[in-house]
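Written below as structure tokens is the structure these notes are about.
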Amino acid sequence: MKNPRQKQALATLLIVLTLTLSAAAQTSPTSAQARTPPANELGRFLVLEYHLIQEQETRWGRSVPNFKQDLERLYQTGYRPVAMADIINGKIDLPAGTKPVLLTFDDSSPGQFRYLVKNGKREIDPDCAVGLLLSFHRQHPDWANKAVFFVLPEAKQPHKLFGQPEYEAEKLKELVALGFEIGSHTLWHANLGKYDDTTVQKQLAQSVEAIQKRIPGYAVRSLALPFGVYPKDLQLAVKGEFKGTAYQHEAILMVAGGAAQSPFSSGCDLLHLPRIQVPGPDLKYWLSYYEKHPGEVFVSDGKTETVTFPKALQPRFNAAKFKKLQAVSY
Ligand SMILES: [Zn+2]
């Protein structure tokens, strides 16, 4: 038999082994995914706001490695992308237990969508945002190609429709064909608070016109406000007309403000939709916040015809707007 020293060594080894195994179980993504968190479709969701996607991390630029890490971290913690249209329509079609995240990209820079031409053949740069999203989708088929690009049709280069003049129309069409959406960001990043009503309408109508010239019939449903500034008359950000071209934005996105209210909540104001800027500390803050407060984040019930939430949240449900959906409380 073993002497006492050997027994003690064995006991120590067992303790270390147990601790290691339990630590591994706590951090393993498979064990996290095995528990389906209870549905709460009145919880908040994240709208992320990206600008440049580039080599270096800067105030307005997310580096390629950090962007990949954002996607990986979102995926591993149970977030899945939704479209702007899903939020506007109140149709969150995600697996039970997952959480919606809306990815938005402002200012149409080449790092968001760049073509590389090799031997006369055009391909999407694997290191631009679109290339990175497509590759992430290939690795994780349950991460859909969903994101909104708020574009500038008349900005100075390199911000005019992603900076490659010969491919403007192709890029817009390809984005839509891939499943992504296009939103308005005015013609050239105009501060709408500075202009008269006619100029505001001209900026917004001609922006829609420029997008539709390249994708006939495309419905531009959302507007990201340059600098987060509303026009003096909010209604002109929502709808208006200039020289025969009308526009209507069902969602208007701000430049900051934290996590957004569920589209099913009476507190949701789609005309003042808050966003979380990346880079910066905010994304990390909100991800950790909802890891610590899982009851406050939007968690899907896996069905589009029901809205599921804890009984205590009943008063928050916007029953008047979502008459066709069945409310399920528990
Ligand atoms: Zn912008």
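Bear in mind that the values in this text are calculations on the coordinates, not laboratory data. What you see is a predicted model, and the numbers here were worked out from it, not measured in a lab. Backbone-built Cβ (ideal geometry, glycine too); neighbour counts: all protein chains shown.
The figures follow:
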item	result
Distance between modelled label sites at Ser288 and Ala312, nm, 7 Å Cα→Cβ extension	2.5 nm
Gained length - Lys243 relative to Gln212, 0.36 nm times residue gap less alpha-carbon distance	9.6 nm
Most mobile of Lys292, Lys160, Lys171 in a GNM of the chain (Cα contacts under 10 Å)	Lys292
Antiparallel %, DSSP beta bridges [both residues in the chain], to 5	25 percent
The chain, relative contact order [Cα under 8 Å, separation at least 6], %	22 percent
Residues listed by number, region 265-288, amide nitrogen under 15 Å from Glu296 label point at 7 Å toward C-beta	282-288
Using a Förster distance of 45 Å, the FRET efficiency for Thr198-Thr304 (Cβ separation, nearest 0.05)	0.65
Alpha-carbon Debye profile of the chain, log10 I(q)/I(0) at 0.07, 0.08, 0.15 Å⁻¹	-0.33, -0.42, -1.26
Ranked packing of 71-82, 53-64, 37-48, most packed first, by mean Cβ within 10 Å	37-48, 71-82, 53-64
Positive-pole candidate from Cys268, Phe309, Ala85, dipole of the chain, charges at beta carbon	Phe309
At most 10 other Cβ within 10 Å, DSSP loop - trypsin sites (Lys or Arg not before Pro), region 229-266	Lys243
Two-decimal ratio, region 227-330, of alpha-carbon radius of gyration to 2.2 N^0.38 Å	1.32
Sorted peptide list for 100-106, 283-289, criterion being average Cβ within 10 angstrom, highest first	100-106, 283-289
Net length gained if the chain between Asp125 and Gln235 were fully extended (0.36 nm per residue, minus Cα distance)	35.7 nm
For region 195-255 and region 43-64, distance of Cα centres in Å	24 Å
Among Ala320, Ala259, Ala83, residue whose mean-square fluctuation peaks in a GNM of the chain (springs only between Cα atoms under 10 Å)	Ala320
Computed label-point distance, nm, for sites Ala169 and Lys156 using a 7 Å Cα→Cβ extension	2.8 nm
Net charge dipole size for region 153-245 [Lys, Arg +1 and Asp, Glu -1 on Cβ; Debye, nearest 20]	80 debye
Estimated inter-spin distance, Val117 and Gln76, nm [label 7 Å along Cα→Cβ]	4.1 nm
Mean projected area (nm²) of the alpha-carbon convex hull when region 139-253 is viewed from all directions	7.8 nm²
Computed helical MRE - 222 nm, the chain, DSSP H runs ≥ 4 contributing -39500 (n - 2.57), nearest 500	-10000 deg cm²/dmol
In degrees, nearest ten, helix 64-76 long axis to first principal axis of the chain (Cα)	60 degrees
Length released on extending from Ser135 to Lys68, taking residue separation times 0.36 nm less the Cα-Cα span	23.1 nm
FRET efficiency, 1/(1 + (r/R0)^6) with R0 30 Å, evaluated for Val328 and Asp269 via beta carbons	0.75
Size of charge dipole - the chain - debye, nearest 20, with Cβ of Lys, Arg +1 and Asp, Glu -1, no other charges	920 debye
Anisotropy class of region 117-194 from Cα gyration tensor, a/c 1.5 cut	oblate
Ranked packing of 307-315, 117-125, most packed first, by mean Cβ within 10 Å	307-315, 117-125
